[in-house]
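I have placed the structure first, in the form of structure tokens, so that the comments after it can refer back to it.
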Amino acid sequence: MGRTLTYPKRSANTVNRYKHRATYDLGAIHSIINSTQVLHVSFNPGPEDPFPAIIPMIGQMGSFDYPSADINEPLDCYLHGYVSSRIMNLARESQGQGLPICVAASKVDGLILSLTPNSHSYNYRSAILHGYAHVVTDEAEKLYAMELITNSVLPNRWDHSRVPPDRTEMSSTVILKVRVVDGSGKIRDGGVSDEKKDYSNEEVTNRVWTGVVPVWETFGAPIPSSDNKVAVVPDYITGFVASKNDQNQGYAQDAVGITLPKEEQH
């Protein structure tokens with residue numbers, strides 16, 4: 001059995017609150033990043049602006065040098081953006097290692113409804129990465145990253161679209177490659193956790209419903225565009241929707257830690 005690779009603990013990524021929920025495992029952190037549709041990327045816009053900048057971006061973990069690398073191995077984070085965006089300009093102008101950035105991802109898996117407001121919570125998965133970003137200039141690596149990110153939206157979509165991109169599309173699209181230096185994740189699962197003093201208060205326990213409302217992301221039935229000429233939705237799309245919905249629902253229900261009766265699972 002192989003060893004588990006972890007990110008180093010530094011002051012910026014060490015989890016201090018609820019340490020038992022923390023993970024530094026590459027596989028767990030990369031999986032959260034890769035399963036989150038929108039990543040939030042923060043950076044310092046410069047001395048003229050006192051506020052940190054945070055923008056939503058599409059991204060994915062991968063390795064151009066070692067494309068067969070597993071999710072549990074060291075990977076770079078590729079981010080997709082527009083040629084003239086501020087973060088891209090700053091990355092081009094950055095010296096040395098690149099533009100320092102933070103990538104954050106979070107997913108909610110359940111609403112924890114407790115006896116008291118203070119004990120309410122979520123079941124959730126979250127991850128952060130710290131690293132240095134630079135613009136990808138090698139065309140082969142850029143195409144690799146564009147395919148990687150396109151297929152993260154929906155598997156196999158790259159091969160089922162007009163590819164490769166033309167010159168205009170290539171010049172207007174910029175890919176940031178983030179060399180990750182550290183990361184951490186935090187995962188909360190389970191059920192309700194209340195104070196012992198509240199469990200013994202019958203007035204409260206007889207009045208307040210407690211439990212978990214599972215939360216999962218649902219993909220709807222595909223709707224054709226007005227210009228679509230393909231009569232039947234391809235199997236790779238319908239199959240993804242069905243399997244992803246089952247996977248998301250299963251994770252949210254399993255995170256509660258209670259096996260539901262079969263009639264309550266839908």
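The values are calculated or read from the model by the stated rules, or taken from the named source; none is laboratory data. What you are looking at is a predicted structure, and each value in this text was computed from that prediction instead of being measured. Heads up, the Cβs are rebuilt from the backbone with ideal geometry, glycines too, and the neighbour counts pull from every protein chain shown. Surface accessibility is based on the protein's heavy atoms, side chains included, excluding ligands, DNA and RNA. Shrake-Rupley method; radii C 1.70, N 1.55, O 1.52, S 1.80 Å.
Any idea which residue in region 91-108 is modelled with the lowest pLDDT, counting only those that are within 16 Å of residue 57 (Cβ to Cβ) and surrounded by 20 or more Cβ atoms within 10 Å (Cβ to Cβ)?
This residue is 91.
Only residues that are touching a helix residue (DSSP H, G or I) at 6+ places or on another chain (Cβ under 8 Å), open to solvent by 50 Å² or more (accessible area, probe 1.4 Å) and over 26 Å from residue 5 (Cα atoms): list them for region 164-189, please.
Residue satisfying the conditions is 164 alone.
Any residue in region 51-68 that is more than 16 Å from residue 138 (Cα to Cα) and outside any strand (DSSP E or B) sitting within a Cβ distance under 9 Å of a residue that is open to solvent by less than 70 Å² (accessible area, probe 1.4 Å) and of a type outside the set (A, V, I, L, M, F, W, C)? List the pairs, counting only those 6 or more apart or interchain.
51/45; 52/42; 52/45
I'd like the residue in region 109-153 that is of a type in the set (Asp, Glu) and in contact with a strand residue (DSSP E or B) (Cβ under 9 Å, 6 or more places away or on another chain) and, out of all such residues, is most open to solvent (accessible area, probe 1.4 Å). Give the steps one after another, and end with the answer.
Initially, region 109-153 is screened for residues of a type in the set (Asp, Glu), giving 109, 138-139, 141, 147.
Retained after the next criterion (residues that are in contact with a strand residue (DSSP E or B) (Cβ under 9 Å, 6 or more places away or on another chain)): 109, 141.
Numbers: 109: 7, 141: 23 Å².
Only one residue tops the list, namely 141.
Tell me which of these residue 192 doesn't satisfy, since it passes every other one: (1) under 26 Å from residue 119 (Cβ atoms); (2) in a loop (DSSP other than H, G, I, E, B); (3) open to solvent by 70 Å² or more (accessible area, probe 1.4 Å).
Of (1) under 26 Å from residue 119 (Cβ atoms); (2) in a loop (DSSP other than H, G, I, E, B); (3) open to solvent by 70 Å² or more (accessible area, probe 1.4 Å), only one is false for residue 192: (3).
Please specify each residue of region 195-217 satisfying the condition of being more than 16 Å from residue 117 (Cα to Cα) and either open to solvent by less than 50 Å² (accessible area, probe 1.4 Å) or in contact (Cβ under 8 Å) with a residue 12 or more places away in the chain (or both).
Residues satisfying the conditions are 214, 215, 216, 217.
Could you go through region 30-45 and let me know if any residue there is touching a Ser or Thr at 6+ places or on another chain (Cβ under 6 Å) and surrounded by 14 or more Cβ atoms within 10 Å (Cβ to Cβ). Before the answer, list the steps.
Narrowing region 30-45 to residues touching a Ser or Thr at 6+ places or on another chain (Cβ under 6 Å): none.
The answer is no; no qualifying residue exists.
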